[in-house]
Structure formats: C-alpha cells, structure tokens
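Asker: Below you'll find the structure I mean.
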Amino acid sequence: MITLLQVATDTVHQLTDTANVAKQAVTAAPQELHFFDLLMKGGWVMLPLAFLAFAGLVIFVERYLTIRKSSKTESNLMLQIKQYIHEGRLENAIALCRNTNSPLGRMLEKGLKRIGRPIKDIEAAIENVGKLEVSKLEKNISVLGIIAGIAPMLGFVGTIVGVITIFHDVSVKGAIEIGTISGGLYTKMITSATGLIVGIIAYVLYHILNAMVERIILRMETDALEFIDLLEEPGK
C-alpha cells in the first residue's frame, strides 16, 4: 500500500513538473508578429504612407493602360499614307490618320493638312503636335517620382519622432529599461522600412513608364522624318 502511494505521489510530482516546464516554455516563446498588426504599430505616419502607396498604384495603372493603348503597333499606317499621297488621295490619308486615334496619327494628320505650305511650316506643325502628345503621355508620371522621394523621408520622420518619444519616456521615468527601448524602437523602425519599400516601388514604376514613353517618342520621331522625306520626294 505504501509503495502504491509513493508511486502515485511521484507520478503527481512528475506531472506537475511537466506542466510547469510547459508553462514556462509557452511564456518564454516569442509572440507571433502578424503583418497587419505590425503595420498598425507604426503610428500615424503609416496613414500618409498608405495614401502615397495607393496614389502611386492608381497613377501607374492609369498611365500604363493609356501608354499601352497609344503604343499599339501601326506598321501599315505609313505604308497606306504613302500609297494615298502617291495616288493624290489626300483626304483619304487624312481620314485614315483621324480614324487611328493615336499620337502618331494625330501628328501625321496635322502634317497632311499643311501640305502645300513650305516644308519648314509642316515640320513645325508636326513638332508642335508631337510635343503636345508627349506631354499628354507624361501626365502625372512625375508624381511617381515625387512619391519615390517623399515616402522614404516620411518614413524616417516617423522613426525619429518615435525615438524622441522613447527617450522622453526614459527621461520622465528616470530609468533605462531595455525592454521599453527595444520594444518601442522596433515598432518605430516599421515606418522607415515601409517608407523605403513604397519609395523603391514608386521609383521602379516611374522608370518603367518613362521607358515606355521614350519608345513611343522614338517611333514618332522616326515616322515624322519618314513623312517629311515622303513630301520632299516629288521635289527631288
């Protein structure tokens, strides 16, 4: 009987020790950091950063679709215009350019309407329309560049304000607590990381759109030169 009691007592002690170890392990285990909760700890600076991220995304999508639509290949446009001009069907060439509804079409349409005037006047008209079309394509792209510059600085401001707050609390308490400093500091560094991420993404998107516009400009300049050469052919 005594042996059974001792065994039962030892078993209870073992179970108690096991429970205590498990409890300590749970207590010592680090808390999981969820992405959304981590962002929320960044403070008020996260609101303007979120606005910049949203605005940059909207601008990129809108500009990308617009530029992509304007950059559709029009390989047969110049060929058809050449044919119409050689046949003397100027009105058909103008109607063709108008129906294409593209920067290149509008630029060539202006040149076709100036046929009969000096070549310099035609070149000036085409150049002016080209500049106007390029400015339309580049609309709001510069805003992405501004976001790329502002977002990291805004993130750093949030971190600096958080550090100032931490050291103010330390001065009020009159004691340095490692837990308070490290815990508060890592949450304030969230704003810097977020600002850098938003800035880098906006910087990449800015250059993607610029590259697309530059390709369109190159094609417009090439076709404009070909059009001027076409008009000068009869005089050669």
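The values are calculated or read from the model by the stated rules, or taken from the named source; none is laboratory data. In this text, all values refer to a predicted model and were calculated from it rather than measured experimentally. Glycine also receives a Cβ, built like all others from the backbone with ideal geometry; neighbour counts cover every protein chain displayed.
Asker: Enumerate the helices (runs of 4 or more DSSP H) found wholly within the range 48-121, keeping only those where 1 or more residues are exposed (fewer than 11 other Cβ atoms within 10 Å of the Cβ).
Answerer: Passing ranges, in order: 77-87, 90-100.
Asker: I've got another one for you. So Cys97 clears everything in (1) within 15 Å of Glu221 (Cβ to Cβ); (2) under 34 Å from the mean Cα position of the chain (by Cα) except one condition, right? Which one?
Answerer: (1)
Asker: Given (1) farther than 19 Å from Leu218 by Cβ; (2) at pLDDT 85 or above, where does Lys82 come up short, assuming only one miss?
Answerer: It fails just one condition, (2).
Asker: When you scan the range 79-94, do you find a residue that is within 23 Å of Met212 (Cα to Cα) and without any contact (Cβ under 8 Å) to a residue 40 or more places away in the chain, even just one?
Answerer: No: the range 79-94 contains no residue that is within 23 Å of Met212 (Cα to Cα) and without any contact (Cβ under 8 Å) to a residue 40 or more places away in the chain.
Asker: Has the range 206-214 got any residue that is of a type in the set (D, E, K, R) and either surrounded by 17 or more Cβ atoms within 10 Å (Cβ to Cβ) or at pLDDT 85 or above (or both)?
Answerer: Yes, there is a match, as at least one residue in the range 206-214 is of a type in the set (D, E, K, R) and either surrounded by 17 or more Cβ atoms within 10 Å (Cβ to Cβ) or at pLDDT 85 or above (or both).
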